[in-house]
Every structure is written in C-alpha cells, then in structure tokens.
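Take a look at the structure below.
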Amino acid sequence: MQFSFARFSYLFKLQMAANRKLYLLGMAAMAGMMLCYMFLGVFTFENGLTFETQIDFISIALILSGSFFASLIFKQYGDKDKRIQSILLPVSNTERLAVAGLFTFLLFPLVFILLYFICLTIANSVDVHVLGNMNDIYMLNGIEGRYMFMIFFLVQSVSLLGAIWFRRFTFVKTAVLACLVIIFFSSVNELINKMVLDDPEGKAAAYYAAENKDPKLPPVRFELVGSPPYQSLRFYGKTNYGYYVEKTAYWVSLPVSQTIGFTIFLGLIPFFFFYVVGVKLREQQL
C-alpha cells in the first residue's frame, strides 16, 4: 500500500480524537510541574533561575518527558483486541510511521517548548522584577542547545523503537534500553578520549603553570568537565581542596571538518531506528 496523504490525515485525526483528553491533561500536568520547579528555583536557589539552571532543567525535562510520550505512541499494540483493530485500519505502515514521527519528533517538542517558555516568562518576571536577580532567559542557542536537541532526537528514536518492540511495561523497558545506548556511547567516547589524548589533564596543568608563574597562586590540578562525543573537551582547574579556580577553563578543540562529519553520523542514527520500527510494524501484521 503506497503512501496517501488522505489516509495519513485520517490516521492523524483518529490519533488526536482518541487521545485528546490524555493530551490536554498531559499538557496541564507538564505546565504545572514546570511552574512548581521554576518557582522553587526562584525562591530557594542562591541566584534564582540562572542560565545553568535553565539549561539543566529543559534538557532533562524535554528528554525524559519526550521519551515517556514516545513510549506510549504505539500503546494499542500492547492489547490484543486493540492491536487487531489497529492492524485492520486501511492505512499502510509508512503512514503509521509518519504519524508517529510527526507526534514524537515535531508536535511534542513544539508543544513542550511553547509551554516551557510561557512558564519561564512568568517565573523570570518574578525572579527579575520582584527578587532583583539579573537573569536572562536562555533561548536554546549555543552548543548546549544543539546537543540537547541531538540527544533528544536520538532518545526519541530509541523510545519509538521500544514502544513497538515491547508490549508490557513499555516505558520501563524503553528507559533501560535508552540508558544502555547512552552508556554505550559514553564508554566509546571515553575510549576515544584516551586513545587520542595522552594525559590531557597534566598538559593543561603544565600550560597553566607556564602562563601563570606567580608563586602566590595556589597549585592547580585540572579536571575534565565536558566531553561530548567527538567534540571539544573542556578542562577546569581545581585547588587541592577541590574548589574551582576562576579563569582556568581550557578547551581542546577538534577540526571543524571532523566534528561536522561525526555530527552527520549521529544525525543518521535516528533514521536507522526508524527503519527498525518500520520492520517491527510490518511484523505485527504477519
């Protein structure tokens, strides 16, 4: 059966009609939890909702809530009767996959980000105008924003695979699968770092000592604090007592041509998982 926009539109409307109440309640719940956390940060954190706090919050919240949503997109296949009804619908697997991709990769992040900025604007107004904290709103730009979306799409593709692969305890099993994927990439990344760089912490400390020869300065040891897969490495200086030292951040950068190539490779991974999801959908009909 070939792709038909009419059937795609029909399946999209059917998905919306069947889950309208669930989606509306989910949006209200997300907005409520966001506001609770943000106002907790405004009134209890030392400097309010700083850039770092905003980056950490939206990264964790978007990825976790997105994976939960994606793990439920094929929930009808977990029940035998609903699975039969779904299979008998006059739509192709391509159209099912297209609707699932539209909800998980486009509509959900758009709705989430819209709710996030509405809640953040309210909390930031209190943070700035009432408490006097000079905190701007993080606009999802910079390298942090790029990596957040990259990880989001990767985890979403794994969650979508888990949604069709597992029939019971879908989210729990999918979360375990996503964690295994992340652990695998982190482990490979650590091996690459050790193979490419020989004692980078020691070299950063030697460079710092050569640039700062003041004997009154405390001894500084360096710690790797940022190491995304095949991207620039960030080192930060610490005293022997474990305190961070200001103006001691150093970067080990890779050529742009290499980072672009690896970024393209990571961008192709979700398409592989998409293909596997299509195979599993076809398998459900057999």
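Some observations on this one:
- The lone criterion from (1) surrounded by 13 or more Cβ atoms within 10 Å (Cβ to Cβ); (2) without any contact (Cβ under 8 Å) to a residue 40 or more places away in the chain; (3) over 15 Å from residue 58 (Cα atoms) left unmet by residue 117 is number (3).
- One residue stands out in the stretch 1-44 among those that are assigned to a helix (DSSP H, G or I) and polar (S, T, N, Q): the one that is surrounded by the most Cβ atoms within 10 Å (Cβ to Cβ), namely 15.
- The residues listed here are 130, 126; of these, the one that is over 28 Å from residue 175 (Cβ atoms) and without any contact (Cβ under 8 Å) to a residue 12 or more places away in the chain is 130.
- Residue check, residue 65 farther than 25 Å from residue 143 by Cα and either part of a helix (DSSP H, G or I) or in contact with a strand residue (DSSP E or B) (Cβ under 9 Å, 6 or more places away or on another chain) (or both): no
- Some residue of the stretch 167-186 being under 23 Å from the mean Cα position of the chain (by Cα), part of a helix (DSSP H, G or I), at pLDDT 85 or above and hydrophobic (A, V, I, L, M, F, W, C): no
- Filter pass, residue 124 being modelled with pLDDT under 90 and of a type in the set (S, T, N, Q): no
- Residue 23 meets the conditions (1) more than 14 Å from residue 117 (Cα to Cα); (2) touching a residue at least 24 places away in the same chain (Cβ under 8 Å) in every case but one. The failed one is (2).
- Any hit, the stretch 144-157, residues being surrounded by 17 or more Cβ atoms within 10 Å (Cβ to Cβ), in the same structural domain as residue 15 (by TED's automatic domain parsing), more than 13 Å from the chain's Cα centre (by Cα) and in a helix (DSSP H, G or I): no
- Inter-residue pairs, beta-carbon under 9 Å, first more than 13 Å from residue 113 (Cβ to Cβ) and modelled with pLDDT under 90 and in the stretch 58-72, second of a type outside the set (S, T, N, Q) and in a loop (DSSP other than H, G, I, E, B), 6+ apart: 71/166
- Filtered residues of the stretch 80-96 (kept if in contact (Cβ under 8 Å) with a residue 24 or more places away in the chain, within 30 Å of residue 29 (Cα to Cα) and surrounded by fewer than 18 Cβ atoms within 10 Å (Cβ to Cβ)): 83
- Residue check, residue 99 closer than 19 Å to residue 283 by Cβ, assigned to a helix (DSSP H, G or I) and touching a residue at least 24 places away in the same chain (Cβ under 8 Å): yes
The values are calculated or read from the model by the stated rules, or taken from the named source; none is laboratory data. Since we're looking at a predicted model, the values are computed, not measured. With ideal geometry, Cβ positions are generated from the backbone for all residues, glycine too; neighbour counts draw on all protein chains shown.
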